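One structure below.
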Amino acid sequence: MADNNSIAAMRKVYQLKSLDEKEVNADPVKQFENWWKEAVNSGVQEPNAMTLATCNANGKPSARIVLLKGISENGFVFFTNYKSRKAHEIKESSFAALVFFWKELERQIRIEGKARKTSAKESEEYFSSRPRESQLGAWSSPQSSVIKSAEFLHQNMKKYYDKFHEQEVPRPEFWGGYIVEPQVMEFWQGKPGRLHDRLEYSLNEDNNWIIQRLAP
């Protein structure tokens, strides 16, 4: 068993940067893009890795890491199997939350909003850009379903490899994208003494973004 005393004693002093409401963009998506560019240019490993949290109709949450695949003025895009657990939970409760943590920059971004399917055209465009092996994998894996063994997946992969041999792999109807349309976004910058900077953007009734500083 892990040593709880050693876990509790873990510390990191955050001191790289600060976050001032006078300097951020009035639009949180544009502010995200500013931080995104900095993360990419700073060599952050997999800056597109994000925690996606969803909730079923009974309020039971679940979370997993997925990859961001697109940013637009409307929100943040990822792709998945429409029969997966996350997809079922989005259908039951359309709200979702995303979290990015870029430890190299001592930064975190939280996003809360509604998730909806992207258009079939957007899903087709992204699917066609994927490596062939990933395309075949989308057909081969009944995501989130119980399977007997890993061999089942290997057999399925071979089946679809043979089926689509020497032809383009079409996108399965059960696979595609979601966009999370933000209603709340929070930017967190680590600071010494745990007096971290937290700026929250929230949409008001007039659909305008309000920026507020939160206590750490």
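Any read-out appearing in this document is the output of simple, stated calculations on the displayed coordinates, not a laboratory observation. On a predicted model such as this, the values are computed, not experimentally measured, just so you know. In this analysis, Cβ positions are derived from the backbone assuming ideal geometry, glycine residues included, and neighbour counts consider all displayed protein chains.
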Checklist entry - Quick one: is residue 24 part of a loop (DSSP other than H, G, I, E, B), surrounded by 15 or more Cβ atoms within 10 Å (Cβ to Cβ) and among the aliphatic types (A, V, I, L, M)? => result yes
Item to check | Flag if residue 212 is in contact (Cβ under 8 Å) with a residue 12 or more places away in the chain and loosely packed, with under 15 Cβ neighbours inside 10 Å | outcome: yes
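Per-residue answers, yes or no, for (1) aromatic (Phe, Trp, Tyr); (2) under 25 Å from residue 208 (Cα atoms):
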site: 24; (1), (2): no, yes
site: 30; (1), (2): no, yes
site: 34; (1), (2): no, yes
site: 74; (1), (2): no, yes
site: 92; (1), (2): no, no
site: 95; (1), (2): yes, yes
site: 105; (1), (2): no, no
Next on the checklist: Restricting to the stretch 69-90, and then to whatever is out of contact with any Lys or Arg (no Cβ under 7 Å at 6 or more places or on another chain) and part of a strand (DSSP E or B), can you tell me which residue is surrounded by the most Cβ atoms within 10 Å (Cβ to Cβ)?
Outcome noted: 76
Next on the checklist: Just to be sure I understand, how many residues within the stretch 125-152 are closer than 29 Å to residue 99 by Cβ and in contact (Cβ under 8 Å) with a residue 12 or more places away in the chain?
Outcome noted: 10
Item to check | the stretch 84-129 - residue that is of a type in the set (Lys, Arg) and out of contact with any strand residue (DSSP E or B) (no Cβ under 9 Å at 6 or more places or on another chain) and, of those, nearest to residue 180 (Cα to Cα) | outcome: 91
Next on the checklist: When you scan the stretch 59-68, do you find a residue that is part of a loop (DSSP other than H, G, I, E, B) and more than 18 Å from residue 185 (Cβ to Cβ), even just one?
Outcome noted: yes
Checklist outcome for this item: The residue that is surrounded by the fewest Cβ atoms within 10 Å (Cβ to Cβ), considering only those in the stretch 162-191 that are farther than 23 Å from residue 94 by Cβ and among the polar types (S, T, N, Q), is 167
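Residues of the stretch 122-161 being among the hydroxyl-bearing types (Ser, Thr, Tyr) and surrounded by 12 or more Cβ atoms within 10 Å (Cβ to Cβ), which ones?
Listed by number, the residues that qualify are 123, 126, 128, 140, 141, 144, 160, 161.
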